[in-house]
Each structure stands twice: as C-alpha cells, then as structure tokens.
Amino acid sequence: MKHQLVIRDLTVAYARVPAIHHLDLVLSCGHRVALLGPNGAGKTSLFKALVGLVPLETGSVNFGGHGRTPAAAEIAYLPQRNAVDWDFPVTVRGLVEMGRYLKTGWWRAFATEDSSAVDEALRTIGLSDLAERQISALSAGQQQRAFIARSLAQKAHVFLLDEPFTGLDRPSQELLGATLHRLSDEGNLVIAAHHDLKTVPGLFDQVVFLNGELIAFGNTAEVFTEENISRTFETQVFSK
Amino acid sequence: MNWLLEPFRHEFMQRALFGCALIGFTNGVLSSFLVLRRLALMADAMAHSLLPGLAVALLLFGLAPSSLFFGALVAALLVALGVQIISGSSRIKEDTSLGLLFACSFSLGLVLLSFSPARVNVTHYLFGNILGLADSDLWIIYLISLIVLPILVLWQRPFLLFLFQPAIAATQGVWVKSLGYLLMGLLVLAMIASLQAVGVILALGMLIAPAATIYLCSDSFTAIFWGGGLIGMFGSCAGLFASYWLNLPSGPCIVLTLGLIFFLAYLFSPKYGVLLRLLRSHRHFHEESLARWQRP
C-alpha cells in the first residue's frame, strides 16, 4: 500500500488570525503536487505545519500511519533560496552529510552505510563532480538540487519545496523538473509551492489550489482550469 | 637563542603563557560559533554590561575572584533576561534593547564604582592584567575551559545544524531554543573567565578575531572550529612574546597581534583574500556592464 499524507481539519493561526482554515487533504506518494495560491494564501504556513515548525490550532497531520513529530525524517522541508546563508562554510558534500545526522545521532562516526548514502544521493542528483565546492559556488539550480540531495540522504519520502523554480534559467528548470519526476517515480511525494502557472501542466500531475482554505484539489488534467485559477487568485478569504 | 628562552625564566610569564594558551584556545573555538551566528556585536554588548555586577560585588564583598565571578554572572543574566523581556513585550527589537541596556548598564557600573572606597581603575576592566594572574584566576580559566570545550566538541553536529539553518534544524530534531540559550551561557562563562585575567577588550578580541581569520581561509566547519582555537592560542602567545620583547603593554599587544593575523588573511588568504581576487583576471561581464553604464 502506498503511503499517504493525511491532513485533517488543519488550522494554523498567527495571533488568532488564521493563515490556513480547516484544511482537509489526502495526498499519496508517487505524485508531484503543485501548491498554488496568491501571496499570503498559507503555502509556507502549510509546509511549516507539516514539519512541526508552527503549532496547530486545530486538526492533525498524519503520514504513513503516525502523527507528526519534530524529528520526522520522512518529511523534508526545503526553504526558499533567500532563507539560506550561502556564505556558510560548508561544501556540497558537507551539506548532504547533514542529512545523515538524524540517522547517526549527534556522536556516532559515519559508517560505510552513511557514506554510501551520501554518495548515492550526490550521484542521483548529478552533483558528484561538484561535491567539494562551497555552496555559494553553485548555480541557483544546483543549489536547489544540493538541498534535495540532502533530503535524499535523509531518506525522506515527502519533499516540501518552497518556490524551487524561482530564479532558475530554462536549462536549470528542466533539470530540476526531471529531478522531481524521478523523485515521484521512485515513490516519493513531492509538494512544491509554485507561482508560474504556465509551467504547471508540464511539471505536476496534481494541483492543490489554496487560499486560506482549500479551493480545489485533483489531477492537473481535471482541476487546472481557468475557473479554479480565477477563484483562487481573485477571492479574498480573510480580510487583510 | 637566549632571547627566545628568556621570557620563560620568569614565573609571571609562565603563568601568562599558560593563561593565554588556554583562554586563547577556548575563546577561539567559541569564536567560530559567534561569527557564524553573527553574534559578534551581541558579545560586545554583553561584555560591557557586566560592569555593574562587578561593581556591586566589589562594594559588597571586596576584590575576591569568586565574588567578582558571581557578580558578573548575575549581571550578564539580568541583561540577557532584560533584552528578552523588552523585545518580547514591545515593538522594540532585540538589537535596540541590547544597545540600550548595554549603555545604561555600563554607566550604572561607573556610577557604582564611584562609591567604592578603593580607587578602581577602569583600564583594568578593559584590558585586565595578564601578567598578574593569580592561582585562582588560572583555576577559573581552567575549569571553565573544561566545561565549555567538551560541550562544543560533543555537540558539534546539532550546533552545526543550528548555526546553518535554525528553522530547519528544528525539523531535524535539534532543540533550537535550548541550544541558543546554551550558546549564550557558554559565551558568558568564557567571557567571565577571560574578563578577570585579560579584560573586556582582550576577551572580545579573542572571541571574534580567530574565527573571522579562519573564515577567510576555509570552507570546512571542522577546520574553522579547530582552526579558530589554534589561531586564538598561538596568536595570543605570539602577542604576549611580542609585548615582552618590545616592552609594550601585553593586553593591547595580544589584540593587535590577533588583528594583524586577521588583516593578513584578509589580504592574502588563498581562498577569499582581497589581493588575490584583485589579481585574478577580470571576468567578462564586468566590462560589459561598465560599457552599458557609460553609454549616454
């Protein structure tokens, strides 16, 4: 049976003003899901709720039969590029190794299993040649993929990507798109906040329209319609 | 050879060297955390706000190392708490409340010191007296290094995740808040250890310069971690020797030596040195954008 990410009656609020309001959603592994909505629609809040970074006002999050825990290795959150200190003294390999810390704990030395998981993640993502580079010496697309490699080394099954395609040129976009395809083909669940509507059908097979509340969810072919787009981007659910 | 060995003949120099090596190493290791977490100014403000605690301890219990130690500790905790309370309960941000409390705290310290029966020299507070280390000073330094270093070494991984991306670290099971407080606690401890011996300015120099130097030379966290300690240790000792040979005040000499090492790295580091970047051939787009800019 495929794993499911089950979100029931989820409400997230900041100072009593809800960012997400009673959201019900069931997502299955093996899909690439676009999370669409205007600014302030609660996309980032949803990601943070899924990994336990913000408290839930109501409802629950459940993956593979158990609730959310702060140390859930299966769910990996990749923040927006501008939230990262790119001058930090870490190489691509060092970054990917961080993904193993959940497995090794805080003290145990790296075993062969850990090193090979790191090598495999780098190979899968096509960054083996750049493993010794400092992370600011990568292109924007390579940086995104380096963070995906870290989540792969972590053996995550759910990848939450916040605007991964922002600032990428065409070839990088295609490369990252191919990476996302591979992730979902291997049985992972990819959820990406996305704003470039033109590219949605080519990249994602499912769409979630979110604007504080769930507007629509389904296969891209069925729900990615003019009507849903205008309903999502033109309604104001909560007054600002 | 004689001139090289001569400093070692004096007991006060042996003590000073031991103190320099130990404080230099501990503060140097800690400095990598401050630089990467961008806490340098925070440390500066904290160090200066210890003065009223020292003054109160001096007035109440006299000039004993243990009383000064606890006075400084209480003052540091009060300021840290005050910063949290003011920034948490009003629209004033953390840096503002810290700057405000630091100025008030330092001034309060000076006012309190004016009541002291003995004449207290503020220069001593700023630069300490590394050549006059007593046994009790060395013991405090030694003990605090024994607390600070093992914690930093053992928890390198959670600290690394915390320094790199505090928000993401929480999703990987790092107790981010506790680590933040722990880091502040260790900082205060290290500062107090060095305060008695070497004074605020020197303590800060040792808490910032080593990692700032190695940060320009390496992309490896482990290298910065240990390298900061080594630079702090050898830089401090070199500064002490220089002050002996040149017959100059020791505290400022040590800070200037650490500063000089930083400046050399700033200019000549093979990785991120300024000179090497200038010497490297200009990239094409610079000229291109210049040409576009000069077009009428």
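The values are calculated or read from the model by the stated rules, or taken from the named source; none is laboratory data. Remember, it's a predicted structure, so these values are computed and weren't measured experimentally. When we count neighbours, we look across all protein chains shown, and the Cβ atoms used for this are built from the backbone with ideal geometry, even at glycine.
Here are the numbers for this structure:
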{"item": "Out of A:I135, A:I125, A:I148, sole residue that is among the aliphatic types (A, V, I, L, M), more than 14 Å from chain B (Cβ to nearest Cβ) and in contact (Cβ under 8 Å) with a residue 40 or more places away in the chain", "result": "A:I125"}
{"item": "Yes/no for A:P79 being within 28 Å of A:Q134 (Cβ to Cβ) and either modelled with pLDDT under 90 or out of contact with any Lys or Arg (no Cβ under 7 Å at 6 or more places or on another chain) (or both)", "result": "yes"}
{"item": "Residue ID - modelled with the lowest pLDDT, chosen from residues in the stretch B:17-37 that are over 12 Å from the mean Cα position of the chain (by Cα) and within 14 Å of another protein chain (Cβ to nearest Cβ)", "result": "B:R37"}
{"item": "From A:V190, A:V223, residue being in contact with a strand residue (DSSP E or B) (Cβ under 6 Å, 6 or more places away or on another chain) and at pLDDT 90 or above", "result": "A:V190"}
{"item": "Subset of the stretch A:111-140 [surrounded by 15 or more Cβ atoms within 10 Å (Cβ to Cβ), more than 20 Å from the chain's Cα centre (by Cα) and outside any helix (DSSP H, G or I)]", "result": "A:A131, A:R133, A:Q134, A:L138"}
{"item": "Breaking point among (1) surrounded by fewer than 21 Cβ atoms within 10 Å (Cβ to Cβ); (2) away from chain B (no Cβ under 12 Å); (3) over 16 Å from the mean Cα position of the chain (by Cα); (4) not in a strand (DSSP E or B), for A:D85", "result": "(2)"}
{"item": "Hits in the stretch A:39-67 (condition: surrounded by fewer than 16 Cβ atoms within 10 Å (Cβ to Cβ) and in contact with a strand residue (DSSP E or B) (Cβ under 7 Å, 6 or more places away or on another chain))", "result": "A:T58, A:S60, A:N62, A:G67"}
{"item": "Residue list for the stretch A:165-206, filter: assigned to a loop (DSSP other than H, G, I, E, B), buried (at least 16 other Cβ atoms within 10 Å of the Cβ) and touching a His at 6+ places or on another chain (Cβ under 8 Å)", "result": "A:F165, A:N188, A:F204, A:D205"}
{"item": "Of residues in the stretch A:207-228 being assigned to a helix (DSSP H, G or I) and without any contact (Cβ under 8 Å) to a residue 60 or more places away in the chain, the one surrounded by the fewest Cβ atoms within 10 Å (Cβ to Cβ)", "result": "A:E226"}
{"item": "Helices (runs of 4 or more DSSP H) fully within the stretch B:58-169 counting 3 or more residues that are closer than 28 Å to B:F18 by Cα and either in contact with a helix residue (DSSP H, G or I) (Cβ under 7 Å, 6 or more places away or on another chain) or within 14 Å of chain A (Cβ to nearest Cβ) (or both)", "result": "B:65-89, B:122-127, B:135-154"}
{"item": "Yes/no for A:G30 being at pLDDT 90 or above, in a loop (DSSP other than H, G, I, E, B) and within 15 Å of the chain's Cα centre (by Cα)", "result": "yes"}
{"item": "One residue from B:L50, B:L58 being under 22 Å from the mean Cα position of the chain (by Cα) and among the hydrophobic types (A, V, I, L, M, F, W, C)", "result": "B:L50"}
{"item": "Extreme residue, farthest from B:I23 (Cα to Cα), among residues of the stretch B:214-251 that are among the aliphatic types (A, V, I, L, M), within 14 Å of chain A (Cβ to nearest Cβ) and surrounded by fewer than 21 Cβ atoms within 10 Å (Cβ to Cβ)", "result": "B:L216"}
{"item": "Candidate set: the stretch A:33-57, residues that are charged (D, E, K, R) and under 16 Å from the mean Cα position of the chain (by Cα); chosen: the one farthest from A:R231 (Cα to Cα)", "result": "A:K48"}
{"item": "The stretch B:170-203, subset surrounded by 24 or more Cβ atoms within 10 Å (Cβ to Cβ), within 13 Å of chain A (Cβ to nearest Cβ) and among the β-branched types (V, I, T), residue nearest to the chain's Cα centre (by Cα)", "result": "B:V174"}
{"item": "Test result for A:W106, of a type in the set (F, W, Y), assigned to a loop (DSSP other than H, G, I, E, B) and touching a Phe, Trp or Tyr at 6+ places or on another chain (Cβ under 8 Å)", "result": "yes"}
{"item": "Residue match in the stretch B:97-117 (condition: exposed (fewer than 14 other Cβ atoms within 10 Å of the Cβ), under 23 Å from the mean Cα position of the chain (by Cα) and modelled with pLDDT under 80)", "result": "no"}
{"item": "Hits in the stretch A:88-122 (condition: more than 8 Å from chain B (Cβ to nearest Cβ) and in contact (Cβ under 8 Å) with a residue 40 or more places away in the chain)", "result": "A:V92, A:L95, A:V96, A:E97, A:G99, A:R100, A:K103"}
